[in-house]
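One structure is given here, and the rest of the page talks about it.
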Amino acid sequence: MSRRRWIAALLLIAVVSAFGVVWLYRAVGVSAASEPKDVITVQRIDFPLIVNAPGLVEAAKSVSIGPPQIRREHRFKLARMVEEGTQVSEGDFLVEFDGSDISRRLRDETANFQRVQEEYQKKRSDSDIVLRELKLTLEQSKADLDKLENKLSQQAELASAIEIAETKLRREAARTKVQLLEKKVGYATESQRLDLQISRSNEAHYRNHMDTLLDAMDALTVSAPVSGVVIYKRDWNNEPRQVGSYVFMLDTVMEIPNLSTLRAKVLVDEVDAGKVKAGQTAQVMVDAVQGKIFAGKVSYVSAILKQAAYDRPQKVVETFVDFDAAGVSQVRPGMSTRALIQVGSYEKAIVIPLTSIQERDGRSFVQVWQAQKKAFEWREIQLASNDGVSAVVKAGLEANEQIRSKPKA
């Protein structure tokens, strides 16, 4: 009998424990429902409208460094380059281009110059010999003419008429010969002068070519025209030039920027293009300078849409944001940046997270906590704007109401 009593007592304890567990579960559930934890209290705040735009830091003013302007040279090979980021002073080495082709041309022009010099000396020597022989012949002919003149004067009284006539004929022939020789000497002299002048002209031509090529050899080594920091120029694929690569005569290999003119060149998405105006304030974050935000102002907004990149069909507007002068000593051209441009604001607006909104057929709903019912209710709201994180509510909510941070079915 005592055993039965023990069994009955144990059953009674089990039943009481079960009722206690059920009561505790309900009490906890009611308490949780009466004080929900996943709610947000709606407040009125001043909400700035922000446009987020990525980009790069660049200098508004910089000195471009590229190949020298050399006649008949259109493509250049990079032989040496100073490292990017090097601080250089005026006159320091920057880049050297390969000069093997110019050296070959210089050797050819030097050989031509030497050949023309040798030809000049030979022509002058040969002309001097010919002219000297002509002058000797002329002097001899003049002497013969003088002899005939003397003979004729002596024959005037003693010789016969026939001898005098013969002497006169010989005198006329000698005079004609002298005249012809004088003309021939004159022609030979002028011919020699012109021939040597042509040779001198050819010599000067090749000498000028040699001087030009020597200057070109010197120009292939480029020095810094100003002091500053060296920044490599990127190509269409955002790759810098490398030693051994080829560039064309109008290409820019590197730049020396004026660091006092730094600005952020950012790309604004076409959906936000109409919101951004010159003069708007911005906060600029530079990836390489962690934990620091730079103040800036929009200075230029392009009127033309362009493709963001060759592999990105997205349309963007190029925009410049000038840095404030202070605090940009750590910033360098080429650094990745992101600008937060304030394009407007809502004063004393109701702002809620986008995660608290559920979209249904183009309409927006939130779950509002009803304290009397101890439950959430769905309510439709109207939105004025959003920045991708938060939304401005135009109608449907009031300040101090509570909504669920993440709606549940």
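The values are calculated or read from the model by the stated rules, or taken from the named source; none is laboratory data. Computed from a predicted structure; not experimentally measured. Methodologically, a virtual Cβ is constructed for each residue, glycine included, from the backbone with ideal geometry; neighbour enumeration extends over all protein chains shown.
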For this session: Sort through Lys135, Lys77, Lys147, Lys122 and tell me the only one that's of a type in the set (Lys, Arg), in contact (Cβ under 8 Å) with a residue 12 or more places away in the chain and farther than 30 Å from Tyr246 by Cα.
Result: Lys135
Exercise. Does Ala273 count as small (Gly, Ala, Ser), touching a residue at least 60 places away in the same chain (Cβ under 8 Å) and surrounded by 13 or more Cβ atoms within 10 Å (Cβ to Cβ)?
Worked result: no
Exercise. Can you pull out the strands (runs of 3 or more DSSP E) entirely within the stretch 304-405 that have at least 3 residues that are touching a Pro at 6+ places or on another chain (Cβ under 6 Å) and in the same structural domain as Met285 (by TED's automatic domain parsing)?
Worked result: 336-353
For this session: Inspect all residues belonging to the stretch 92-106 and state whether any of them is part of a loop (DSSP other than H, G, I, E, B) and surrounded by fewer than 12 Cβ atoms within 10 Å (Cβ to Cβ).
Result: no
For this session: Output yes when any residue across the stretch 127-150 is out of contact with any helix residue (DSSP H, G or I) (no Cβ under 6 Å at 6 or more places or on another chain), over 30 Å from Lys168 (Cα atoms), assigned by TED's automatic domain parsing to the domain that holds Arg200 and not aliphatic (A, V, I, L, M), and no when none is.
Result: yes
Exercise. Do you know which of the residues in the stretch 390-409 that are free of Cβ contacts under 8 Å to residues at least 24 places away in the same chain and under 52 Å from the mean Cα position of the chain (by Cα) is surrounded by the most Cβ atoms within 10 Å (Cβ to Cβ)?
Worked result: Lys394
Exercise. Looking at (1) modelled with pLDDT of 90 or more; (2) crowded, with 16+ Cβ neighbours inside 10 Å, which is the only condition Glu139 fails?
Worked result: (2)
Exercise. Out of all the residues in the stretch 61-70, is one or more surrounded by 15 or more Cβ atoms within 10 Å (Cβ to Cβ) and of a type in the set (Ser, Thr, Tyr)?
Worked result: yes
